[in-house]
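K.L.:
The structure under discussion is supplied below as structure tokens; questions concerning it will follow.
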There are 2 protein chains.
Amino acid sequence: MMGSAMSFERNEELFAEEEPADYVYKVVSGVVRTCKFLEDGRRQIGEFHFPGDVFGFEPCANHTFSAEAVTPCRVVIVKRAALMAAAGRDAELGSALWIAATRELGRLHEHMVLLGRKSARERVMAFLASAAERQCDAAVIDIPMSRQDIADHLGLTIETVSRTMTQLQETGAISLEGSRRVRVGPVRLAA
Amino acid sequence: MMGSAMSFERNEELFAEEEPADYVYKVVSGVVRTCKFLEDGRRQIGEFHFPGDVFGFEPCANHTFSAEAVTPCRVVIVKRAALMAAAGRDAELGSALWIAATRELGRLHEHMVLLGRKSARERVMAFLASAAERQCDAAVIDIPMSRQDIADHLGLTIETVSRTMTQLQETGAISLEGSRRVRVGPVRLAA
DNA sequence: CGACGGATTGATATAGATCAAACCTGGTGG
DNA sequence: CCACCAGGTTTGATCTATATCAATCCGTCG
């Protein structure tokens, strides 16, 4: 299954809500956010997608969310119809897609617990923990997205995210090395 | 594709988190909630499932959420492995499953906006609107679940749900006919 | 009738939002 | 090389929506 490659600048839109959902996307490099907006501008970032992640699954003809580049990024796109047809023929591929979709269901379930029931501190720690996990539990982790992005992902305000991070630093849980880089303490982010 | 039927009492557990996820479920009658718990008892209800709904999709061997009967209910269960195998053979079935899964993704995305960005009033109105929609926009809608269930679905407390409903009544948006029955006013629930 | 499991209502506390300045930092141009 | 600027971040002061704690109420069922 091959697709065509595309590049996007920071903050460029890969696709918008309501647009025809003709393609499925796979991140090659960089980071992509998928989001939904309310009329008054409130934004919820559903997920950040990293290299290797596939996104853009939709049940209907049009996108129900938009996708934007968090950093400059490259993606490959595949015609959805072609992909679905191929999945019908190739059991291997079909199963891979199924796994990707159900895994995403699991992540969203988990994130709903965070949004519905966790405190700001827990949210930020969970965010950092997942970032650390993606980076193979490195001691120093990169945060490629802005505080605003983090806030809109965690259902908080930018100020609360910022304050919570400095509090985590004060309690020794992390140490901030510039705003986009965090050293996670020996204590780790255990809950 | 046939499965076996099962019945559950109100509040009975269909399956628990961590249990082997050997079956996929379809609601025949009654209502089921899927939920996740935090160690300290906080609960997030991901979705309520109504007759016709299919649930229990998991990427791995074990369930990542639990399911409980909101009302007495009947479900049919199908071996997951058998279902997946059949989907590999029958394109019709495969596509139906795919649609069910992506539709669920869409619902969860929408719900994350609610949990992350909406006010209590908006949450309750959205909840009532979706209940009304499921009941073909009947003028009087049934609420089969408790206030606690609603609260845990909307990321609120039981008290806030209750208060918000009486406020909606005071402003004339709805009228409560007993705690489990609501008449939606002519104004409807337009945002 | 009495009791028990919701549901509602009331009083108060508080986490996080909002409004408003500073504060960096990296890039640009003089 | 430095001053300046713009975007993003942090910090501060205050406000408020919602949580929390605590009765009371209501309806159903024995």
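The values are calculated or read from the model by the stated rules, or taken from the named source; none is laboratory data. All values reported here derive from a predicted model rather than from experimental measurement. In this analysis, Cβ positions are derived from the backbone assuming ideal geometry, glycine residues included, and neighbour counts consider all displayed protein chains.
K.L.:
Going by the conditions given, is A:Arg74 part of a strand (DSSP E or B), surrounded by fewer than 19 Cβ atoms within 10 Å (Cβ to Cβ) and modelled with pLDDT of 95 or more?
P.N.:
Values: part of a strand (DSSP E or B): yes; surrounded by fewer than 19 Cβ atoms within 10 Å (Cβ to Cβ): yes; modelled with pLDDT of 95 or more: yes.
Criteria met by A:Arg74.
K.L.:
Mind checking which helices (runs of 4 or more DSSP H) fall wholly inside region B:82-191 and carry at least 1 residues that are without any contact (Cβ under 8 Å) to a residue 60 or more places away in the chain, loosely packed, with under 14 Cβ neighbours inside 10 Å and not assigned by TED's automatic domain parsing to the domain that holds B:Phe48? Reasoning before the result, please.
P.N.:
On the way: elements: B:91-117, B:120-134, B:147-154, B:158-170.
Because the criterion is at least 1 residues that are without any contact (Cβ under 8 Å) to a residue 60 or more places away in the chain, loosely packed, with under 14 Cβ neighbours inside 10 Å and not assigned by TED's automatic domain parsing to the domain that holds B:Phe48, the helices (runs of 4 or more DSSP H) in region B:82-191 that meet it are B:120-134, B:147-154, B:158-170.
K.L.:
Ok, one more. With the checklist (1) away from chain B (no Cβ under 13 Å); (2) at positive phi; (3) within 13 Å of DNA strand D (Cβ to nearest atom) in hand, flag the one item A:Gly155 doesn't pass.
P.N.:
Single failed check for A:Gly155: (1).
K.L.:
So, one more: In this structure, is A:Lys26 surrounded by 16 or more Cβ atoms within 10 Å (Cβ to Cβ) and in contact with a helix residue (DSSP H, G or I) (Cβ under 7 Å, 6 or more places away or on another chain)? Steps first, answer last, please.
P.N.:
On the way: surrounded by 16 or more Cβ atoms within 10 Å (Cβ to Cβ): yes; in contact with a helix residue (DSSP H, G or I) (Cβ under 7 Å, 6 or more places away or on another chain): no.
Against the criterion (surrounded by 16 or more Cβ atoms within 10 Å (Cβ to Cβ) and in contact with a helix residue (DSSP H, G or I) (Cβ under 7 Å, 6 or more places away or on another chain)), A:Lys26 does not qualify.
K.L.:
Filter region A:116-146 down to the residues that are more than 14 Å from the chain's Cα centre (by Cα), within 14 Å of DNA strand D (Cβ to nearest atom) and within 19 Å of A:Arg163 (Cβ to Cβ) and list them by number.
P.N.:
Scanning region A:116-146 gives A:Lys118, A:Ser119, A:Ala120, A:Arg121, A:Glu122, A:Val124.
K.L.:
Can you tell me which residues in region A:93-118 are within 15 Å of B:Phe37 (Cα to Cα) and not charged (D, E, K, R)?
P.N.:
Listed by number, the residues that qualify are A:Gly106, A:Leu108, A:His109, A:His111, A:Met112, A:Val113, A:Leu114, A:Leu115, A:Gly116.
K.L.:
Looking only at region B:125-152, how many residues end up being in contact with a helix residue (DSSP H, G or I) (Cβ under 7 Å, 6 or more places away or on another chain), within 14 Å of chain A (Cβ to nearest Cβ) and within 11 Å of DNA strand C (Cβ to nearest atom)?
P.N.:
The number of residues fulfilling the criteria is 3.
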